[in-house]
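Q: Structure in structure tokens, see below.
The values are calculated or read from the model by the stated rules, or taken from the named source; none is laboratory data. Model, not experiment: these values are computed from the prediction. Note that each Cβ is placed from the backbone with ideal geometry, even for glycine, and that neighbours are counted across all protein chains shown. Surface accessibility is based on the protein's heavy atoms, side chains included, excluding ligands, DNA and RNA. Shrake-Rupley method; radii C 1.70, N 1.55, O 1.52, S 1.80 Å.
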Amino acid sequence: MGPIGYSKNLMLSNKYIFICLILAFFSLSFKNDKESYLTIPTGFPTPLIPTDNSLSEDRIILGKKLFFDKILSRDSSISCASCHQPKYAFSDALKTPKGIKEREVLRNTPTLTNIGYNQSFLRDGVNPSLEAQVLVPIHEKNEFDFHILLVVERLKKRPDYNDLFQKAYNSIPTPNFVTKAIACYERTLISGNSRFDQYYYQNSTSSLSIAELRGMDLFFNKLNCIQCHSGFNFSNGEVVNNGLYNEYKDIGKMRVSLLEKDNGCFKVPTLRNIAITGPYMHDGSIHTLEEVIDHYSKGGNDNKNRHEFIKPFDITEREKNDLVLFLKSLTDSSFIEDYL
Ligand code: HEC
Ligand code: HEC
């Protein structure tokens, strides 16, 4: 190419640079967009993210550090991850966990699998926001027994945190940004690559065995499971009574609504990673998946609030085994492998 061609290219390149700048501007504003920091699995929708807490890499890094840091508890003895342990899909394999100083917590630790898709939080769904949810364990006497203002005082004394808050929110540590950063990290906890997903959403027909497929048929077609554990996340998000008790010690949603119709009503939990999140139910009272199926097959216990879809069904030993195998195929090892 001669010198003329060269200068022609140069002239062109001015325009080219201009276009590049415009494109860069747009791609930057896209980067700030909700999903670009999340890997959305095939078949999953894009989660809703509050407009005042869009995701960024720095926010996720800060939130993750806080989630695993014992600095959030009064005596610096436990972190969020002490109960929400990655290896158990962010639950803890205990009937009920203990907070600081071995204090008893009354409910079973739920998984945080796909938590960013939830519309309501806590076992009884009474908390409407993931950001607000962060304050609950911090203030709860039996968990961190601390105060968000005291957390922030500690963080302000730490150069590493000052630096991270600056990068993430252009601010010193504040209560608002502590809750927001942790919520940003929690929104990255997306799980959608189990063998079930590979079969169902990724067209890999050999990913499930014949027995697991029989179990899937029971779950989707023959039993009523899908009435409540529906959709990509195996939960319709409703807060209902599944007949666990005649009389509930923990009255569930009624503790806030004060309405008798909410007595014993709990949020329909996701069944993703269910094999590693036991024991089960709001109080961890059921130990195995076989026993969960026994509970449902007898139609639960009598309770005036028991949902109409909890009713007895016949199931053979082989079918029960198939259903358990199907539930176990919902485990996504890629979700936890980064932490192992
Ligand atoms: C002592 C154990 C423990 C610690 C520490 C703890 N949690 Fe939890 N977490 C629980 C239990 C138990 C529940 C269910 C509480 C309820 O329903 O009242 C829960 C519920 C949640 C939920 C709602 C889940 C859902 O399905 O609605 C989120 C989100 C959450 N915790 C995040 C956190 C974060 C963030 C921290 C740290 C700031 C934290 N947890 C610290 C035990 C713990
Ligand atoms: C009427 C709605 C409804 C139906 C139908 C239903 N479930 Fe549930 N399921 C729930 C609720 C609500 C809970 C949580 C109860 C609690 O926390 O005490 C739950 C909990 C579970 C759990 C424990 C999850 C955990 O993390 O603790 C499993 C496993 C489960 N269900 C499987 C099934 C299977 C299998 C079927 C079909 C045979 C089924 N469910 C049918 C509403 C339902």
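Q: Taking the Cα centre of each part, how many Å lie between segment 191-264 and segment 70-122?
A: So the two Cα centres are separated by 21 Å.
Q: While we're here: Suppose every Lys and Arg Cβ carries +1 and every Asp and Glu Cβ carries -1, with no other charges. What dipole size does segment 249-340 come out with about its Cα centre, to the nearest 20 debye?
A: Once rounded to the nearest 20, the dipole reads 420 debye.
Q: When all protein chains stay in place, what accessible area (Å², nearest 10, 1.4 Å probe) is found for Arg306?
A: 80
Q: Please list, ordered by chain and number, the residues whose modelled amide H lies under 5 Å from the amide H of Asn241; skip anything fewer than 5 residues away on the same chain.
A: HN-HN under 5 Å from Asn241: Phe266, His307.
Q: Run the numbers for His287 and Glu247: contour at 0.36 nm per residue of separation, minus the present Cα-Cα distance, in nm.
A: 12.4 nm
Q: What angle, in degrees between 0 and 90 and rounded to the nearest 10, separates the Cα long axis of helix 317-328 from the longest principal axis of the Cα atoms of the chain?
A: The helix 317-328 is inclined about 20 degrees to the chain.
Q: So, one more: Mind checking the angle between helix 3-31 and the chain's longest principal axis? C-alpha axes, 0 to 90 degrees, to the nearest 10.
A: 30
Q: A further question on this structure: For the chain, with the dipole built from +1 on Lys and Arg beta-carbon atoms and -1 on Asp and Glu ones, taken about the Cα centre, which of Gly125, Thr270, Pro175 lies farthest toward the positive end?
A: Value: Pro175.
Q: Which FRET efficiency value, to the nearest 0.05, is calculated for Glu140 and Gln202 with the Förster distance at 41 angstrom and r the Cβ-Cβ distance?
A: 0.55
Q: Using Cα pairs closer than 8 Å and at least 6 residues apart in sequence, work out the relative contact order for segment 195-337, in percent.
A: In percent, rounded to a whole number, it is 31.
Q: What's the FRET efficiency of Ser129 with Ala211 using the Cβ-Cβ distance as r and R₀ = 51 Å, to the nearest 0.05?
A: Calculated value: 0.80.
Q: Sticking with this structure for a sec: Once you put a point 7 Å from the Cα of Gln119 and another 7 Å from the Cα of Leu340, both along the Cβ direction, what distance in nm separates them?
A: 3.5
Q: Would you grab the residues whose amide H sits under 5 Å from the one on Ile286? Only those 5+ places off in sequence or on another chain, please, with H modelled 1.01 Å from N.
A: It is Tyr280, by chain and number.
Q: With both partners inside the chain, how many of the DSSP beta bridges are antiparallel, as a percent to the nearest 5?
A: 75
Q: Now, a different point. What size of dipole, in debye to the nearest 20, comes out for the chain about its Cα centre when the only charges are +1 on Lys and Arg C-beta atoms and -1 on Asp and Glu C-beta atoms?
A: That gives a dipole near 840 debye.
Q: On a 29 Å Cα-Cα criterion, which of the cross-link pairs Lys65/Lys328; Lys180/Lys267; Lys70/Lys328; Lys157/Lys180 come out too long?
A: Distance filter (> 29 Å) returns Lys65/Lys328; Lys70/Lys328.
Q: Oh, and also: Relative to a virtual label point 7 Å from the Cα of Arg255 in the Cα→beta-carbon direction, which members of segment 81-95 show backbone nitrogen distances below 19 Å?
A: Those under the cut-off are 83-84, 92, 94-95.
Q: Also, quick follow-up: May I have the convex hull volume per residue, in Å³, for the Cα set of the chain?
A: Per-residue hull volume (Cα only) is 179 Å³.
Q: With unit charges on the beta carbon (Lys/Arg positive, Asp/Glu negative), name the residue among Ile138, Leu62, Ser191 whose Cα is farthest towards the positive pole of the charge dipole of the chain.
A: Toward the positive end, the furthest listed residue is Leu62.
Q: If packing is taken as the average number of other Cβ atoms within 10 Å across a peptide's residues, how do 257-268, 221-232 rank, most packed first?
A: 257-268, 221-232
Q: Report D for segment 242-321 in µm² per second (integer): Stokes-Einstein, Kirkwood Rh on Cα pairs, 4 °C, 1.567 mPa s.
A: 95
Q: Related question: Give the dimensionless ratio obtained when the Cα radius of gyration of segment 51-186 is divided by 2.2 N^0.38 Å.
A: 1.00
Q: I'd like the orientation of helix 159-169 relative to the chain: the angle between its Cα long axis and the longest Cα principal axis, in ° from 0 to 90, rounded to 10.
A: Here the helix axis deviates by roughly 80 degrees.
Q: Here is a follow-up. Remind me, what semi-axes does segment 195-337 give for its equivalent ellipsoid, largest first in whole Å, using sqrt of 5 times each Cα gyration tensor eigenvalue?
A: Over the Cα atoms of segment 195-337, the ellipsoid semi-axes are 28, 17, 13 Å.
Q: Taking the Cα centre of segment 51-186 as origin and charging only Cβ (+1 Lys, Arg; -1 Asp, Glu), how large is the dipole, in debye to the nearest 20?
A: So the dipole magnitude of segment 51-186 works out to roughly 280 debye.
Q: Over segment 51-186, what percent of the accessible surface lies on carbon and sulfur atoms, probe 1.4 Å?
A: So the carbon and sulfur contribution to the accessible surface is 55 percent.
Q: Still on this model: Within 13 Å, Cβ to Cβ, of Phe232, how many net charges do the neighbouring residues add up to if Lys/Arg are +1 and Asp/Glu are -1?
A: -1
Q: Counting only C-alpha contacts under 8 Å and six or more residues apart, can you give the relative contact order of segment 51-186 as a whole percent?
A: 31
Q: A further question follows. Choose one answer from Arg272, Arg59, Arg107: the residue with the largest mean-square fluctuation in a GNM of the chain with alpha-carbon springs under 10 Å.
A: Evaluated over the chain, the most mobile residue of the options is Arg107.
Q: Sticking with this structure for a sec: Could you pull out every residue, at least 5 positions away or on a different chain, whose amide H is within less than 5 Å of the one on Arg187? Hs are placed 1.01 Å off N in the peptide plane, and Pro or chain starts have none.
A: Residues meeting the criterion, in which the H sits 1.01 Å from N, do not exist here.
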